[in-house]
1. So E33 ticks every box in (1) surrounded by 10 or more Cβ atoms within 10 Å (Cβ to Cβ); (2) in a helix (DSSP H, G or I) but one. Which box is left unticked?
2. How many of the residues making up the range 64-85 are of a type outside the set (S, T, N, Q), without any contact (Cβ under 8 Å) to a residue 40 or more places away in the chain, surrounded by 10 or more Cβ atoms within 10 Å (Cβ to Cβ) and under 24 Å from T8 (Cβ atoms)?
3. Could you check, for the range 13-30, whether at least one of its residues is farther than 30 Å from P64 by Cβ, under 34 Å from the mean Cα position of the chain (by Cα), at pLDDT 85 or above and in a helix (DSSP H, G or I)?
4. Between a first residue in the range 52-63 that is at pLDDT 70 or above and a second residue that is in a loop (DSSP other than H, G, I, E, B) and open to solvent by 70 Å² or more (accessible area, probe 1.4 Å), which pairs have beta carbons less than 8 Å apart while being 6 or more apart in sequence or on different chains?
Amino acid sequence: MAPFVDSTKCSEELQAKFRQWYQLKDQGANFNEALMRNKTFRNPNIYRWLVDHLQLEEAGTNLPSDGRFDPAQLRKDFSVKGLADDQERRAREYAARKAAAASAAKASGSVRSMQFQSGGFEKLQTPMPPSRPPTASTQSHPDNGRSFEEAVQRAKLIAQHLARPNKQ
(Lines give C-alpha, C1' and ligand atoms only; values in the text may rest on other atoms or scores of the structure.)
Protein backbone atom coordinates (compact mmCIF):
# COMPACT_ATOMS: atom_id res chain seq x y z
CA MET A 1 0.00 0.00 0.00
CA ALA A 2 1.34 3.43 -0.92
CA PRO A 3 2.04 5.81 1.94
CA PHE A 4 -0.50 8.48 2.73
CA VAL A 5 -0.04 11.66 0.67
CA ASP A 6 -1.14 14.85 2.34
CA SER A 7 -2.72 17.29 -0.13
CA THR A 8 -2.56 20.36 2.14
CA LYS A 9 -0.13 23.12 1.13
CA CYS A 10 3.00 23.88 3.13
CA SER A 11 3.41 27.28 4.73
CA GLU A 12 5.19 29.99 2.73
CA GLU A 13 7.97 30.03 5.33
CA LEU A 14 8.67 26.31 4.81
CA GLN A 15 8.47 26.64 1.03
CA ALA A 16 11.02 29.50 1.20
CA LYS A 17 13.41 27.27 3.19
CA PHE A 18 13.14 24.52 0.57
CA ARG A 19 13.73 27.02 -2.26
CA GLN A 20 16.86 28.24 -0.45
CA TRP A 21 18.13 24.66 0.03
CA TYR A 22 17.55 23.85 -3.64
CA GLN A 23 19.44 27.00 -4.65
CA LEU A 24 22.36 26.00 -2.40
CA LYS A 25 22.30 22.51 -3.89
CA ASP A 26 22.35 23.95 -7.43
CA GLN A 27 25.42 26.00 -6.40
CA GLY A 28 27.21 22.78 -5.37
CA ALA A 29 26.65 22.87 -1.62
CA ASN A 30 26.34 19.45 0.02
CA PHE A 31 24.69 19.37 3.44
CA ASN A 32 25.97 15.88 4.30
CA GLU A 33 29.57 16.78 3.51
CA ALA A 34 29.27 19.95 5.59
CA LEU A 35 28.03 17.86 8.53
CA MET A 36 30.89 15.40 8.13
CA ARG A 37 33.44 18.23 8.20
CA ASN A 38 31.94 19.64 11.38
CA LYS A 39 33.93 18.42 14.40
CA THR A 40 30.83 18.33 16.62
CA PHE A 41 29.16 15.70 14.45
CA ARG A 42 32.14 13.35 14.77
CA ASN A 43 31.35 12.95 18.46
CA PRO A 44 30.05 9.39 19.02
CA ASN A 45 27.59 10.65 21.65
CA ILE A 46 25.99 13.23 19.36
CA TYR A 47 23.12 10.94 18.39
CA ARG A 48 21.94 10.46 21.98
CA TRP A 49 22.37 14.19 22.65
CA LEU A 50 20.33 15.14 19.55
CA VAL A 51 17.54 12.72 20.46
CA ASP A 52 17.35 14.12 23.97
CA HIS A 53 17.84 17.78 23.04
CA LEU A 54 15.35 17.80 20.18
CA GLN A 55 12.97 15.52 22.08
CA LEU A 56 12.79 13.09 19.18
CA GLU A 57 10.77 9.91 19.35
CA GLU A 58 13.13 7.27 17.98
CA ALA A 59 10.40 4.73 17.19
CA GLY A 60 8.00 7.30 15.81
CA THR A 61 6.37 7.58 12.41
CA ASN A 62 5.68 10.24 9.82
CA LEU A 63 2.30 8.75 9.06
CA PRO A 64 -0.74 10.62 10.39
CA SER A 65 -2.14 9.45 13.70
CA ASP A 66 -5.45 8.40 12.19
CA GLY A 67 -5.07 4.82 13.39
CA ARG A 68 -3.35 3.40 10.31
CA PHE A 69 -0.05 2.86 12.10
CA ASP A 70 0.93 3.95 15.56
CA PRO A 71 4.12 2.40 17.00
CA ALA A 72 3.02 3.41 20.50
CA GLN A 73 0.04 1.07 20.17
CA LEU A 74 2.17 -1.99 19.38
CA ARG A 75 2.16 -4.78 21.90
CA LYS A 76 5.07 -4.72 24.33
CA ASP A 77 6.22 -8.16 23.17
CA PHE A 78 6.93 -6.70 19.70
CA SER A 79 10.18 -5.26 21.03
CA VAL A 80 13.51 -7.01 20.43
CA LYS A 81 13.57 -8.34 23.98
CA GLY A 82 9.94 -9.43 23.78
CA LEU A 83 10.53 -11.28 20.51
CA ALA A 84 13.65 -12.98 21.92
CA ASP A 85 11.75 -14.05 25.04
CA ASP A 86 8.90 -15.42 22.92
CA GLN A 87 11.33 -17.33 20.69
CA GLU A 88 13.06 -18.82 23.74
CA ARG A 89 9.72 -19.85 25.26
CA ARG A 90 8.66 -21.53 22.01
CA ALA A 91 11.99 -23.38 21.79
CA ARG A 92 11.55 -24.71 25.35
CA GLU A 93 7.99 -25.84 24.55
CA TYR A 94 9.14 -27.57 21.36
CA ALA A 95 11.98 -29.37 23.20
CA ALA A 96 9.57 -30.49 25.92
CA ARG A 97 7.06 -31.82 23.33
CA LYS A 98 9.84 -33.63 21.46
CA ALA A 99 11.20 -35.19 24.66
CA ALA A 100 7.70 -36.27 25.70
CA ALA A 101 7.07 -37.86 22.29
CA ALA A 102 10.42 -39.67 22.40
CA SER A 103 9.80 -41.03 25.89
CA ALA A 104 6.27 -42.12 24.90
CA ALA A 105 7.61 -43.88 21.81
CA LYS A 106 10.31 -45.58 23.88
CA ALA A 107 7.78 -46.68 26.49
CA SER A 108 5.43 -48.13 23.87
CA GLY A 109 8.28 -49.94 22.14
CA SER A 110 7.69 -48.25 18.82
CA VAL A 111 11.23 -46.87 18.58
CA ARG A 112 12.84 -48.09 15.37
CA SER A 113 16.53 -48.39 14.71
CA MET A 114 18.24 -47.70 11.41
CA GLN A 115 20.73 -49.98 9.76
CA PHE A 116 23.40 -48.15 7.81
CA GLN A 117 25.30 -49.58 4.86
CA SER A 118 28.87 -48.85 4.03
CA GLY A 119 29.73 -46.25 1.43
CA GLY A 120 32.23 -48.65 -0.12
CA PHE A 121 35.55 -47.51 1.31
CA GLU A 122 36.40 -51.01 2.56
CA LYS A 123 36.24 -52.16 -1.07
CA LEU A 124 39.40 -50.23 -1.92
CA GLN A 125 41.66 -52.40 -4.07
CA THR A 126 44.88 -50.86 -2.77
CA PRO A 127 45.58 -52.16 0.73
CA MET A 128 46.31 -49.75 3.52
CA PRO A 129 49.97 -49.54 4.51
CA PRO A 130 50.73 -51.22 7.81
CA SER A 131 50.74 -48.94 10.82
CA ARG A 132 54.14 -47.80 11.92
CA PRO A 133 55.07 -47.67 15.55
CA PRO A 134 54.62 -44.24 17.09
CA THR A 135 57.53 -41.87 16.69
CA ALA A 136 58.69 -39.12 18.99
CA SER A 137 56.72 -36.56 16.97
CA THR A 138 53.45 -38.48 17.29
CA GLN A 139 54.06 -39.36 20.92
CA SER A 140 54.54 -35.70 21.86
CA HIS A 141 50.92 -35.04 20.81
CA PRO A 142 48.56 -37.58 22.36
CA ASP A 143 45.77 -36.41 20.01
CA ASN A 144 47.68 -37.73 16.97
CA GLY A 145 46.36 -41.27 16.50
CA ARG A 146 48.05 -41.53 13.10
CA SER A 147 51.13 -39.91 11.72
CA PHE A 148 50.88 -37.21 9.09
CA GLU A 149 52.28 -39.55 6.43
CA GLU A 150 49.56 -42.13 7.10
CA ALA A 151 46.88 -39.46 6.78
CA VAL A 152 48.32 -38.30 3.44
CA GLN A 153 48.45 -41.91 2.19
CA ARG A 154 44.82 -42.48 3.21
CA ALA A 155 43.77 -39.24 1.46
CA LYS A 156 45.52 -40.40 -1.74
CA LEU A 157 43.70 -43.74 -1.62
CA ILE A 158 40.34 -42.04 -1.15
CA ALA A 159 41.07 -39.65 -4.02
CA GLN A 160 41.98 -42.60 -6.29
CA HIS A 161 38.77 -44.38 -5.33
CA LEU A 162 36.65 -41.31 -6.03
CA ALA A 163 38.38 -40.72 -9.39
CA ARG A 164 37.38 -44.18 -10.69
CA PRO A 165 34.29 -44.26 -12.91
CA ASN A 166 31.25 -46.01 -11.42
CA LYS A 167 30.60 -49.46 -12.83
CA GLN A 168 26.85 -49.88 -12.97
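1. It fails just one condition, (1).
2. Residues meeting the conditions: 3.
3. Checking the range 13-30: not a single residue is farther than 30 Å from P64 by Cβ, under 34 Å from the mean Cα position of the chain (by Cα), at pLDDT 85 or above and in a helix (DSSP H, G or I).
4. T61/F69; L63/P3; L63/F4; L63/F69
Each row is one residue, and each column tells you yes or no for (1) modelled with pLDDT under 60; (2) part of a helix (DSSP H, G or I); (3) not small (G, A, S).
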site	(1), (2), (3)
M114	no, no, yes
T126	yes, no, yes
P133	yes, no, yes
E150	no, yes, yes
I158	no, yes, yes
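The values are calculated or read from the model by the stated rules, or taken from the named source; none is laboratory data. Since the model is a prediction, treat every value here as computed from it, not as a measurement. With ideal geometry, Cβ positions are generated from the backbone for all residues, glycine too; neighbour counts draw on all protein chains shown. Just the protein is used for accessible areas: all its heavy atoms, side chains included, with ligands, DNA and RNA removed. Shrake-Rupley method; radii C 1.70, N 1.55, O 1.52, S 1.80 Å.
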